[in-house]
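The structure appears right after this line, and notes come after that.
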Amino acid sequence: MSNHRKNQLFLHMRSQKSSKIVHSGAQEVTDRNYWINRGTEETVKMADQMLGIINEFEPGYQLKYNKFYIGLVKDGQPTVFVALRPRKNTLNVDLRIPFSEDVQKQVADHDLDDIGYDKRWNTFRVRLSKSDIGTKREFLKELLIKAWENAR
């Protein structure tokens, strides 16, 4: 199965998980203001900072504001190696990385707020505070690279 087809299937399955009927595998698109109202200006800026880290190792990505998460798009194609969910005080990040005790230990060793591995979507989920992006930037970049490589 091609990566494009895998991404479409992942988006479709993700939309079904949220109990929302989505036609032709597309997510309901929202905008930045929707996420500022759902989170805050500050937590949406944290998503911008995560995008900046991603573009350091693979330039060309942009944020795509969906109803249930902020995803990524590159050259018009959605990519699903990370999902961002701004909250009122934090940014929840889903990283599409196969389960590994080694990765789980690294998350704990770097003192990230582990909110559980989602077996259904094969994602490590962490909750970031504003300071985490600055102080744990290199480790976050390592995780993002792992997720990106896994999606290729």
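Only the coordinates and a few stated rules stand behind these numbers; no lab work does. All figures in this text were calculated on a predicted structure; none of them were measured in a lab. Every residue, glycine as well, gets a Cβ built from its backbone with ideal geometry; the counts of neighbours run over all protein chains shown.
In this structure, I53 and R120 have a Cβ-Cβ separation that, at R0 = 35 Å, corresponds to a calculated FRET efficiency of about 0.85. Residue ranges 87-95, 53-61, 100-108 sort as 87-95, 53-61, 100-108 when ordered by packing (mean number of other C-beta atoms within 10 Å per residue, highest first). With both labels modelled 7 Å from their Cα along Cα-to-Cβ, the R87 to A108 distance reads 2.1 nm.
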